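Just below is one structure, and these are the notes that go with it.
The values are calculated or read from the model by the stated rules, or taken from the named source; none is laboratory data. Remember, it's a predicted structure, so these values are computed and weren't measured experimentally. In this analysis, Cβ positions are derived from the backbone assuming ideal geometry, glycine residues included, and neighbour counts consider all displayed protein chains. Ligands, DNA and RNA are stripped out before the accessible areas are found, and what is left, the full protein with its side chains, is counted by its heavy atoms. Shrake-Rupley method; radii C 1.70, N 1.55, O 1.52, S 1.80 Å.
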Amino acid sequence: MLTVDFSRFPLAQGDRVLDLGCGAGRHAFECYRRGAQVVALDQNAEEVREVAKWFAAMKEAGEAPEGATATAMEGDALALPFPDESFDVVIISEVMEHIPDDKGVLAEMVRVLRPGGRIAVTVPRYGPEKVCWALSDAYHEVEGGHIRIYKADELLGKMREAGLKPYGTHHAHGLHSPYWWLKCAFGVDNDQALPVKAYHKLLVWDIMKKPLATRMAEQLLNPVIGKSFVAYATKPHLPAQAASDAATAATGAAAAGAAK
């Protein structure tokens, strides 16, 4: 189940991709299938090990094109272990709502993204998430749980402040909002409640079979109650004058160093 829409966020074969806070690896796997050079990073060691196993299985099964690479590793989103401008693409899906210093995470993503590179950010949508919080404290008041609810303009504003240029947004997973409302109403740990079990079967059927009826229903529901808000942006190139000034400064610094 992908939240990022790759028809709006195209990948080129060989793109260097960072899936930041990869979790179970759903977006990393899709990027690998599309021929990217993928790094899936998460702070959860158990999930990283599981993602690495799936990467190995995909390679063995021939699911990735020739030249595609995939690495799973532990890491801190606030101190990424990569040089500046290491990636063509960065994806961070359903992560930023967990992190107190979200501006710090954005700054790190921008640092490791090359000029002209693309970034996809997904977070829980404001309206459906407010309903979950109203129905259940246990939904978000857990260790590592959601600490904020973003309004779309707030997230886009923070992305712009970080130096990114948003170019598109949409909502996703309209069928999933009612499921989480049921979970919150009957108890987030109570998977045996009949309405929760029944709706979960519907979602599994939809994911596995992709029937036309549920695909059409989700398209209609996404703008209204889509569970996730998705934003796409680019990292602009330096303006020509700024780039020229930077090159001049670098040349001057090199000359000064040689004269010493």
- Expressed as an acute angle from 0 to 90° and rounded to the nearest 10, what is the orientation of the C-alpha long axis of helix 126-135 relative to the principal long axis of the chain? 50
- If packing is taken as the mean number of other Cβ atoms within 10 Å per residue, what is the order of 73-79, 34-40, 85-91, 146-152, highest first? 34-40, 85-91, 146-152, 73-79
- Query: What net charge is computed for the residues neighbouring P211, neighbours being all others with C-beta under 14 Å from the C-beta of P211, Lys and Arg scored +1, Asp and Glu -1?
  - Reply: +2
- Item | Kirkwood-based shape ratio for the range 12-148, expressed as Rg/Rh from alpha carbons | 1.00
- Rounded to whole Å, sorted largest first: equivalent-ellipsoid semi-axes of the range 80-143, Cα gyration tensor: 30, 13, 7
- To the nearest 10 degrees, how steeply does helix 176-186 sit against the main Cα axis of the chain, on a 0 to 90 scale? 60
- Item | Cβ-defined net charge surrounding G25, 15 Å radius [Lys, Arg +1; Asp, Glu -1] | -3
- Isotropically averaged projected area of the range 1-91, using the convex hull of Cα atoms (one quarter of hull area), nm²: 5.7
- Sorted on mean Cβ neighbours within 10 Å (highest first), peptides 103-111, 16-24 come out as 16-24, 103-111
- Task: Excluding R34 itself, calculate the net charge of residues whose Cβ lies under 12 Å from the Cβ of R34, where each Lys or Arg counts +1 and each Asp or Glu counts -1.
- Result: -2
- Item | Equivalent ellipsoid semi-axes, the chain, via Cα gyration tensor eigenvalues times 5, rooted, Å | 36, 22, 18
- Query: If we sort 164-174, 52-62, 221-231 on the protection proxy, mean other Cβ atoms within 10 Å, highest first, what's the order?
  - Reply: 221-231, 164-174, 52-62
- Note on the structure: To the nearest 10 degrees, the tilt of helix 45-61 (Cα long axis) against the first principal axis of the alpha carbons of the chain is 90
- What whole-number value in cubic angstrom gives the convex hull volume per residue for the C-alpha atoms of the range 43-119? 110
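Which percent of the accessible heavy-atom area of the chain goes to carbon and sulfur, probe 1.4 angstrom?
Roughly 57 percent, rounded to a whole number.
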- Query: What aspartates and glutamates sit close enough to K235 to cross-link, taking a C-alpha to C-alpha distance under 14 Å and skipping anything fewer than 8 places away on the same chain?
  - Reply: D84, E85, D88, E108, E161
- Task: Counting helices only, and only those DSSP H runs with n ≥ 4, report the 222 nm mean residue ellipticity of the chain as the sum of -39,500 (n - 2.57) divided by its residues, in deg cm²/dmol to the nearest 500.
- Result: -14500 deg cm²/dmol
- Item | Probe 1.4 Å, accessible area per residue of the chain, Å² | 51
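At a Förster radius of 51 Å, what calculated FRET efficiency corresponds to the Cβ-Cβ distance of E85 and V142, to the nearest 0.05?
0.90
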- Using the Kirkwood radius built from alpha carbon pairs, what does the Stokes-Einstein equation give as D for the range 105-251 at 20 °C and 1.002 mPa s, in µm² per second? 120
- Message: Straight-line reach from K183: which lysines fall under 25 Å, measuring Cα to Cα and dropping same-chain residues less than 8 apart?
- Response: K130, K151, K197, K201, K209, K210, K227
